[in-house]
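K.L.:
Dumping the structure here so I can ask a few things about it.
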Amino acid sequence: MNSPQETVSMLGKIANYVEILSRDPHSTVFVSLAEIYRKMGMLDDALEVARNGVEALSSFSPGHTALGRILAQRGQLEEAERAFARAVEIDPESLPALKGLARVCALGKQGERARQLLKRAAELAPDDQAVRKMLAALGPESASEERAPQPAPPSESAGTAAAGEDNEPIATATIAEIYVKQGLLDKALKVYGDLVRANPGNDRLRDRYQTLGRQAAGEAETGEPEVESSAAAPLEEPEPSPSGEALVIERLNRWLSAIRNRRDDVQ
């Protein structure tokens with residue numbers, strides 16, 4: 001679990017990146033924002049940022065690489081393969097893209113294709129230890145693809161990062177509470193559920209998990225259903241829903257506000 005200082009630092013970076021993107025939705029800083037979300041285990045947010053970014057900058061290779069890492073970490077290997085392949089197509093000498101594509105090929109039982117990609121990567125970076133380890137994991141070149149060892153598919157809930165540049169995501173109560181502040185109770189419940197399974201003797205985590213479960217089901221902490229009076233809120237004319245770039249900026253501004261609030265709470 002990160003210290004409060006480390007958490008504040010990460011939230012500060014997120015707030016800074018979000019603010020930049022709110023001013024310029026075409027900024028390449030979306031890669032940094034998507035990466036820090038990914039490392040924190042906030043994969044849905046990371047995916048949204050990366051997809052918006054590659055839509056705005058379709059010829060930016062690092063953006064497709066970032067998207068591939070997120071998809072691979074979610075276990076969406078076919079989509080991840082397409083993202084990494086696009087990154088390599090744009091920049092054939094991109095070492096991160098070659099390594100990412102090799103990883104998903106190995107996970108998808110395409111051992112020979114993974115080997116060829118890693119050979120290209122080794123030519124670009126002969127001293128890269130990760131490339132050497134990945135080649136070794138594929139076994140001797142004469143071995144069949146079926147006999148080559150295959151890593152287990154990554155799992156978002158387990159918090160693994162086999163396809164994510166060896167950066168283990170952080171699944172903590174801090175992240176769950178960020179989701180709560182954003183009103184994303186389903187995501188918060190998922191994180192707390194993982195934490196409870198990993199720490200079955202932690203009563204505090206279990207109590208918080210049960211409390212959020214009741215809230216998500218529309219119940220008060222006492223167990224009584226929450227009833228909203230239809231007269232409690234005046235009828236209003238529906239506002240036109242934003243679209244395109246305006247929708248992206250609106251979403252970024254919501255993120256920025258929630259992150260700033262969370263940073264103040266941690267401090």
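K.L.:
Determine if the range 54-61 includes at least one residue that is over 23 Å from ALA122 (Cα atoms) and buried (at least 21 other Cβ atoms within 10 Å of the Cβ).
P.N.:
There is at least one residue in the range 54-61 that is over 23 Å from ALA122 (Cα atoms) and buried (at least 21 other Cβ atoms within 10 Å of the Cβ).
K.L.:
Pull out all pairs, ordered by first then second residue, where Cβ-Cβ is under 8 Å, the residues are six or more apart or on different chains, the first lies in the range 204-216 and is in a helix (DSSP H, G or I), and the second is among the aromatic types (Phe, Trp, Tyr).
P.N.:
Going by the 8 Å Cβ cut-off, the qualifying pairs are LEU205/TYR192; ARG208/TYR192; TYR209/TYR192; LEU212/TYR192.
K.L.:
If you don't mind, there's one more thing I want to ask. Hey, can you tell me all the residues within the range 61-99 that are outside any helix (DSSP H, G or I), of a type outside the set (S, T, N, Q) and under 16 Å from the mean Cα position of the chain (by Cα)?
P.N.:
ARG74, GLY75
K.L.:
Here is a further query. Pairs needed: first member in the range 100-120, assigned to a helix (DSSP H, G or I); second member anywhere, surrounded by fewer than 18 Cβ atoms within 10 Å (Cβ to Cβ) and of a type in the set (Lys, Arg); C-beta distance under 6 Å; at least 6 residues apart or different chains.
P.N.:
Taking only residues 6 or more apart or on different chains, the pairs are CYS105/ARG113.
K.L.:
Also, quick follow-up: Which one is nearest to ARG132 (Cα to Cα) among residues in the range 89-117 that are surrounded by fewer than 21 Cβ atoms within 10 Å (Cβ to Cβ) and of a type in the set (A, V, I, L, M)?
P.N.:
Result: LEU95.
K.L.:
May I ask you to list the residues in the range 11-45 that are polar (S, T, N, Q) and at pLDDT below 90?
P.N.:
Across the range 11-45, the qualifying residues are ASN16, SER22.
The values are calculated or read from the model by the stated rules, or taken from the named source; none is laboratory data. Predicted, not measured: the structure shown is a model, and the values here were computed from it. Cβ sites come from the backbone with ideal geometry, for glycine too, and all protein chains shown count toward neighbours.
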